[in-house]
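Q: Quick one: structure below, then a few questions.
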Amino acid sequence: SAVISQKPSRDICQRGTSLTIQCQVDSQVTMMFWYRQQPGQSLTLIATANQGSEATYESGFVIDKFPISRPNLTFSTLTVSNMSPEDSSIYLCSAIGADFSRELFFGEGSRLTVL
Amino acid sequence: KQEVTQIPAALSVPEGENLVLNCSFTDSAIYNLQWFRQDPGKGLTSLLLIQSSQREQTSGRLNASLDKSSGRSTLYIAASQPGDSATYLCASQGNMLTFGGGTRLMVKP
């Protein structure tokens, strides 16, 4: 199984600033994703992180607000730009393992509070 | 478009009870179905993964079943404990990943 490390685990940020979340996987994976989970809600897919190319964003999410990088197979970053209180959420990195099972793994999440 | 529904949305049971969480999906063309546990403010922990060719998977007190023809999966928890209190999510993987809304479980001592 894959172990996904995310950092920071939590942060308190000021309105208008940007924060970058890092995600590192300890083994080979195929696809990597970024999710947002607002308080009391289920997960919402932000984008699929593509290695060496632009991420694929879901409806309602744009690159200017959530730039994503994936320079190699096991590392990705998500930046939340020009934050507002509405961006206060848990941001989760996930990945599908490279074996035949296609099991989905998650990081511990990054809890952002924007004041 | 795949839709995944979990019933009930919330459940409260006394310690020791056996319980069943339900997950239904509209498109049976799935590669696998996975059950997760999420503690408050934390990430998701994978509990059980059932491939489309399988009927069930077991891990300790947990048993998950899959019936593709009826579009249903169940998670059975035996002899529930207060430590089982969490939100349980199912997710189907086909052309895309689709999550259910989750079942929030409270096991009372």
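The values are calculated or read from the model by the stated rules, or taken from the named source; none is laboratory data. Since the structure is predicted, the reported quantities are computational estimates derived from the model, not experimental observations. Cβ atoms come from the backbone with ideal geometry, glycine included; neighbour counts cover every protein chain shown.
Q: List, please: which pairs have Cβ atoms under 7 Å, are six or more places apart or on different chains, and start with a residue in region A:27-47 that is at the interface with chain B (Cβ under 10 Å from one of its Cβ atoms) and touching a residue at least 12 places away in the same chain (Cβ under 8 Å) and end with one that is surrounded by fewer than 20 Cβ atoms within 10 Å (Cβ to Cβ) and outside any strand (DSSP E or B)?
A: From residues that are at the interface with chain B (Cβ under 10 Å from one of its Cβ atoms) and touching a residue at least 12 places away in the same chain (Cβ under 8 Å), the pairs are A:L45/A:E58.
Q: Taking interchain pairs and intrachain pairs at least six residues apart, which have beta carbon atoms under 7 angstrom, with the first residue in region B:96-109 and among the charged types (D, E, K, R) and the second not in a strand (DSSP E or B)?
A: B:R104/B:A9; B:K108/B:E15
Q: When you go through (1) surrounded by fewer than 17 Cβ atoms within 10 Å (Cβ to Cβ); (2) under 24 Å from A:S9 (Cβ atoms) one by one for A:M32, which number turns out not to apply?
A: A:M32 satisfies all of (1) surrounded by fewer than 17 Cβ atoms within 10 Å (Cβ to Cβ); (2) under 24 Å from A:S9 (Cβ atoms) except (1).
Q: Identify all residues within region B:55-91 that are in contact (Cβ under 8 Å) with a residue 60 or more places away in the chain, closer than 23 Å to B:E3 by Cα and aliphatic (A, V, I, L, M); write none if there are none.
A: Scanning region B:55-91 gives B:L89, B:A91.
Q: Do you know which residues across region A:90-115 are at positive phi and among the small types (G, A, S)?
A: A:G109, the sole residue that qualifies.
Q: On the given criteria, is A:I90 touching a Lys or Arg at 6+ places or on another chain (Cβ under 7 Å), within 20 Å of B:G102 (Cβ to Cβ), within 14 Å of another protein chain (Cβ to nearest Cβ) and buried (at least 16 other Cβ atoms within 10 Å of the Cβ)?
A: Yes; evaluated as a whole, the condition is true for this residue.
Q: In addition: Test of understanding: among B:S92, B:S53, B:S59, which residue is hydroxyl-bearing (S, T, Y), under 30 Å from A:C23 (Cα atoms) and loosely packed, with under 14 Cβ neighbours inside 10 Å?
A: On inspection, the qualifying residue turns out to be B:S59.
Q: Which residues, counting only those in region A:57-73, are within 16 Å of A:V29 (Cβ to Cβ) and assigned to a strand (DSSP E or B)?
A: Those that are within 16 Å of A:V29 (Cβ to Cβ) and assigned to a strand (DSSP E or B): A:I68, A:S69, A:R70, A:P71, A:N72.
Q: For region A:14-31, which positions are at pLDDT below 95 and in a strand (DSSP E or B)?
A: Passing the criteria: A:V29, A:T30, A:M31.
Q: Restricting to region A:93-112, and then to whatever is more than 13 Å from B:K42 (Cβ to Cβ) and in a loop (DSSP other than H, G, I, E, B), can you tell me which residue is farthest from the other protein chains (Cβ to nearest Cβ)?
A: This residue is A:A98.
Q: Mind counting the residues in region A:1-26 that are surrounded by fewer than 15 Cβ atoms within 10 Å (Cβ to Cβ) and facing chain B (nearest Cβ under 10 Å)?
A: Looking only at that region, the number is 2.
Q: Any residue that is touching a residue at least 40 places away in the same chain (Cβ under 8 Å), in a strand (DSSP E or B) and under 30 Å from B:S53 (Cα atoms) - is there at least one of those in region A:74-85?
A: Taking every residue of region A:74-85 in turn, none turns out to be touching a residue at least 40 places away in the same chain (Cβ under 8 Å), in a strand (DSSP E or B) and under 30 Å from B:S53 (Cα atoms).
Q: Right, next: Can you name every residue in region B:25-35 that is in contact (Cβ under 8 Å) with a residue 60 or more places away in the chain and polar (S, T, N, Q)?
A: B:N32
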